[in-house]
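This report concerns only the one structure given below.
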Amino acid sequence: MTVTRCSVMSVAFLIVLSFSASALEVPSFQKLPITLSATKTLPEDLQKGSNYQVDDAIINDGLINTYYLQTDYGKLKIVSDALYIERINELRALEHMEKLEQTKEFGEAMKKGVKAPINTVKSMATEPVDTVKAIGSGISNWVSDIGNAVVSDDPNQAGVFSTAIGYAAAKRAFAYEYGINPYTDFQPVQDKMGEIARANVVGGLTPKIAFGLIKKPVGTVLKVTAMADTMKKMARDMSPDELEDINEEKLKAMGVSDSLSKRFLRNYNYDPQEKTLLVGALDGMKGVAHRDLVILSASHAPDKSVARYLSVQAQMMLGYHQNISSAQTILSINGGLALQNTKGVVVGISPYDYAAWTSTLNNKEMVATEVLKRIQGVSGKELWIAGRIAHPARIAIESRGWVVHEQVREKLIK
């Protein structure tokens, strides 16, 4: 009787233990949307500044955060951590630009050139030949800009007039010094950059003079890779047309077909700097097979938020390849991109802001696991996430054999 009772109790205990383990493996899905707290998520200097303050409620759709930012220029809805940081940088730059416009030197620079464009054109027609030659020394860049501005539907191209008198180049130069994208779609920045570009072109207000008058604002991006800085300098120094030629040559060297290359380069959800960053990241992964899969995915980006996501993903892949473990090939798994390193480990690298445990993530993991069973040489599987992963998601995914790394942005960008 005692033995029987013990046996029954043991079986009951094992059933309970088995049930508990099963519950741990597959926690209940989280209800969407999820509300996160900005005061608990963001550093204080990213929560508010002289011209902005974020609402405390961050709305998460299971992967990506949406912020609501109160600014001097109206309320902004910002999708993704990456874009949020960009906007904070731009708002800090705007504060500096507005202070700069209040200086006597800025006012004098603007007064100098009220008729400068007209006078310059007139001098080209009436001055000696040597003057015309001097102006023509930069003609190749001018033609490069104007050629595309006239015939292209690329919204990032400067207009013919502004290109001809140097506004486009001046905007790019100041944008680089501010640490912002010269092709931003945040209109207040474009407006101010246009005013400062005019002060540069017609009044000689250079970045060096501007930052001598008012100290350069501190950016919010903690680290930038050497590759990213190099690509941003290219975006500063070259017209969109020149960048496209360089990017096209790099893609050709990677083995990307002409048709796919053109499809990607004509996707104007990527601005010229974003395209250059993405191509530069792939170019930095020399010897890694199937880089064209990234371009195939990127060419189909339906909007700017997806384009930014894929650009950031490519830069994270480069960071893993350079700083963590050499990549051997790029894989496409159910439409998603992953690396396989030289040790055989498959690494999913995602710019997720906050990965919640949802049916979507569950289904993606299940499909990925099945696909990996059919790939030879897989020695392990890892998930690297730019932001955070919810506790139930971590429990479920790790129970299925994945090694999870979260908040990896700093680790990958060295």
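Observations, loosely collected:
- Hull volume in cubic angstrom per residue (convex hull over the Cα atoms of the stretch 226-412): 111 Å³
- With θ taken as phi - 60° and the Karplus curve 6.51 cos²θ - 1.76 cosθ + 1.60 applied, the whole-hertz 3J(HN,Hα) list for the stretch 346-361 is 8, 10, x, 10, 10, x, 5, 7, 8, 8, 8, 8, 10, 4, 4, 5 Hz, x standing for glycine and proline.
- Taking trypsin sites (Lys or Arg not before Pro) across the stretch 331-389, the ones in a DSSP loop with at most 14 further Cβ atoms lying within 10 angstrom of their Cβ are 343, 374.
- Summarising the amide proton neighbourhood of residue 355: residues at separation of 5 or more, or on other chains, whose placed amide H is nearer than 5 Å comprise 388, 389, 390.
- The stretch 65-83 versus the stretch 172-250: alpha-carbon centroid distance in Å: 22 Å
- Volume of the Cα convex hull of the stretch 289-331, divided per residue and given in Å³: 55 Å³
- Segment residue 411-residue 249, extension gain: residue separation times 0.36 nm, minus the distance between their alpha carbons: 55.3 nm
- Listed values for the stretch 272-287 are Karplus-derived 3J(HN,Hα) couplings in whole Hz (6.51 cos²θ - 1.76 cosθ + 1.60, θ = phi - 60°), namely x, 5, 5, 4, 5, 5, 5, 5, x, 5, 5, 5, x, 9, 4, x, and x replaces Gly and Pro.
- Taking 0.36 nm per residue of separation and subtracting the Cα-Cα distance, full extension of the segment from residue 304 to residue 105 would add 67.9 nm.
- Simple rule: put +1 on each Lys or Arg Cβ and -1 on each Asp or Glu Cβ in the stretch 226-412, find the dipole, and look at 284, 408, 301; the Cα lying farthest toward the positive end is 408.
- For the stretch 226-412, size of Cβ-based charge dipole, Lys and Arg +1, Asp and Glu -1, in debye: 540 debye
- Whole-Å distance, taken between Cα centres, linking the stretch 364-414 and the stretch 278-299: 21 Å
- Residue 404-residue 375 pseudo-label distance in nm [points 7 Å out on the Cα-to-Cβ vector]: 2.0 nm
- Computed 3J(HN,Hα) for the stretch 238-248, one whole-Hz value per residue from the Karplus formula 6.51 cos²θ - 1.76 cosθ + 1.60 where θ = phi - 60°, is 10, 6, x, 5, 5, 4, 4, 4, 5, 4, 5, glycine and proline marked x.
- Taking the average, over residues, of other Cβ atoms within 10 Å as the packing measure, peptides 248-258, 264-274 rank 264-274, 248-258 from highest down.
- Among 102-112, 76-86, the order from most to least packed when residues are scored by Cβ within 10 Å on average: 76-86, 102-112
- A Förster radius of 56 Å combined with the Cβ-Cβ distance from residue 290 to residue 70 puts the calculated FRET efficiency at roughly 0.80.
Any read-out appearing in this document is the output of simple, stated calculations on the displayed coordinates, not a laboratory observation. Treat the numbers as computed from the prediction; the structure is a model and nothing was measured. Note: ideal-geometry Cβ built from the backbone for every residue, glycine included; neighbour counts use all protein chains shown.
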